[in-house]
1. Using the Cα atoms of the range 106-219, I'd like the radius of gyration and the largest Cα-Cα distance, Dmax, both in angstrom.
2. Return the sequence-ordered ³J(HN,Hα) values of the range 163-169 in whole Hz as given by the Karplus equation 6.51 cos²θ - 1.76 cosθ + 1.60 applied to θ = phi - 60°, using x for Gly and Pro.
3. Tell me the label-point distance for the pair GLU119, ILE150, using the 7 Å Cα-to-Cβ offset, in nm and rounded to one decimal.
4. For the chain, what is the percent of antiparallel DSSP beta bridges, rounded to the nearest 5?
5. Do me a favour and compute the ellipsoid semi-axes for the range 252-302 from its Cα gyration tensor, root of five times each eigenvalue, largest one first, whole Å.
6. In degrees, nearest 10, range 0 to 90: what is the angle between the Cα axis of helix 283-293 and the longest Cα principal axis of the chain?
7. Report the charge-dipole magnitude of the range 171-312 in Debye, nearest 20, computed about the Cα centre from +1 at each Lys and Arg Cβ and -1 at each Asp and Glu Cβ.
8. Which sequence of VAL78, VAL278 reflects their accessible areas, 1.4 Å probe, from the largest down?
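The values are calculated or read from the model by the stated rules, or taken from the named source; none is laboratory data. All values derive from a computational prediction rather than experimental measurement. Glycine also receives a Cβ, built like all others from the backbone with ideal geometry; neighbour counts cover every protein chain displayed. The accessibility values were calculated without ligands, DNA or RNA, using every heavy atom of the protein model including side chains. Shrake-Rupley method; radii C 1.70, N 1.55, O 1.52, S 1.80 Å.
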Amino acid sequence: MSNVSGIDKVSGQSFDYIIAGGGGCGLTLAARLSEDPSTAVLVLESGGANLNDPELLHAALFGSHFGKPQYDWAHNSVKQKHLNNRSVYFSRGKGLGGSTAINFLGYCKPPARHIDDWETLGNPGWNWEAHQEMLERIERFQPPPEDIQIRSKTDPSAWKFGRNGQLLVGIPSIQDGELKLTEAMENAGLRPAPQPYNGDPNGWFWCASTCDTETYTRSYSTTAFYLPNKDRPNLSVLTDAHVRRVLTQPGAAGNLTATGVEFGYGGDIHSVRATREVILSAGALKSPQILELSGIGRNDVLSKIGVPVKLDLPGVGENMQEHMALAMSWELKNEFP
Ligand SMILES: Cc1cc2nc3c(=O)[nH]c(=O)nc-3n(C[C@H](O)[C@H](O)[C@H](O)COP(=O)(O)OP(=O)(O)OC[C@H]3O[C@@H](n4cnc5c(N)ncnc54)[C@H](O)[C@@H]3O)c2cc1C
């Protein structure tokens, strides 16, 4: 199945909210907004639905999606000055679930003080306590089996996780080799994190996975937020629908009001109206791209590529940062299973 809703129910229609991008944030917001049955929500996703796809569901296949156009936008960065002018492969998920469909399932929580900094910087209510409360709402933690807890000297009862949400989070297994690794870290004087999931993750700890620990399958925004709500009559999801630009009207004081979006589908161009909001959740790379194609961005950049400037917003499309990942692997002796 590729299209969850039909084009005829979307093209030329109007919705309260239009969400561009059905990935991690898009499907989460869609689930939350459509809780109110009087609110009509539309999600437009560029890629396919990829429902019940074993390549996505089998947790152990993480990393195998790189470069596959069905799942991955497969970007390459421009040459990076600080990496000896190398270009870097930059994977981003495509299709329902977005990057949560192909990510490495790691579920960690940041230090409390990092989140509290958001509030300090002038965002009232954006603090650790509220952050924990929101996460607990979506989490369904599956504690490791008792034998694993004993062998790994782990006491998950001290970890703060929600138990009744839709996103499955757990520690599926801990192998003998991993126990040896923790011994080695202890011998090297590295301390275990005092509260890995309660606001102090500094040190080593067992990283939870967004995974059903009974079936070893991926839990992601499609399984957690779309599938349980797919039959809501006020929730529409159209896949293979690529948002080209936000439609706007000039408002007061030089502002713009978003009135809908234009999108490509099946080789044609369609539009759809929003009566309340257009939400861009096409990811950190593609949300700014949609803004720029809509004439919202840096004047000099847009003029150079022939996009009429509607709002000169110099921060759009700038300062992209991404963390590097470093993995080390060793071959184990045969005595380790
Ligand atoms: C390979 C990989 C491994 C990762 N590993 C981890 C991990 O272990 N732990 C962790 O916490 N995080 C991990 N992440 C990051 C995490 O998955 C992302 O931070 C998260 O999914 C971002 O959510 P998002 O909604 O902003 O974007 P995404 O989930 O990427 O969703 C964006 C969606 O928008 C769609 N889209 C783009 N352009 C358009 C358009 N013009 N019109 C319509 N739709 C569009 C895309 O196809 C996509 O479905 C990983 C990411 C990748 C790529």
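1. 15.3, 47
2. 10, 10, x, 9, 8, 6, 9
3. 4.2 nm
4. Working: 25 of 46 bridges.
Once the DSSP bridges in the chain are tallied, antiparallel ones form about 55 percent.
5. Over the Cα atoms of the range 252-302, the ellipsoid semi-axes are 19, 16, 12 Å.
6. 10 degrees
7. 700 debye
8. These residues rank, largest area first, as VAL78, VAL278.
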